[in-house]
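Before any comments, here is the structure.
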């Protein structure tokens, strides 16, 4: 009986010891697993807390292809609204050479008026020793001075008068003719040429024998409907 009791108690204790050892092993395994998991979680937390250098901060703004150094010039850019107005029709160019217009007259050169229109009165021409009407005006100028058309018109005549020398006549609108006397023989125009106000027609010469005794000047006359008039009445 004693032997059976001892054997039963010993076996029981031996069985309980086995289970205790098993429990100790399980507790150790669980502890090891918990420690490993804790270290893993800590490692992950440390990685999450790593700061990112400023030069690697990712912008939240949308990517703009124009900011790239490889951006193509063909990248479409937004265009501003441009209001396009209908072009205004340009005015037709004016034919400045036509003399079929309202006349505007100017002196054919700059200079002092050294002789006036006589208005039909007789004056003494010392070089001719004759009394004649002075049908134009005299404009003082040096020999070689440029003579210009007094208005738009057409050269109607070029003559070599025995008294007045080389003479150019220009016809204008309104049956008006301007007469330029005492020019040099070498002219810039010929009969039939159209001219405009200010065009050079020649230079002042020494061919005006009727007034050769006076200082150098241009004898400038004007006719309206075939009659001599004072040119200054037409010049503004």
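Just so you know, all these numbers are worked out from the coordinates, no wet-lab data involved. No experiment lies behind these values; they were computed from the predicted model shown. Cβ placement follows ideal geometry from the backbone for every residue including glycine, while neighbour counts extend to all protein chains displayed.
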Q) Hey, how many Å between the Cα centroid of segment 174-188 and the Cα centroid of segment 206-236? A) 10 Å
Q) Sorted by packing (mean other beta-carbon atoms within 10 Å per residue), highest first, where do 160-170, 103-113 land? A) 160-170, 103-113
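Please compute the length gained on full extension between residue 235 and residue 127, using 0.36 nm multiplied by the number of residues separating them and subtracting their Cα-Cα distance.
Details: separation 108, 0.36 × 108 = 38.88 nm, distance 2.94 nm.
Full extension of this stretch gives 35.9 nm more.
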Q) How high is the relative contact order of segment 113-233, in percent, counting Cα pairs under 8 Å that sit 6 or more residues apart? A) 31 percent
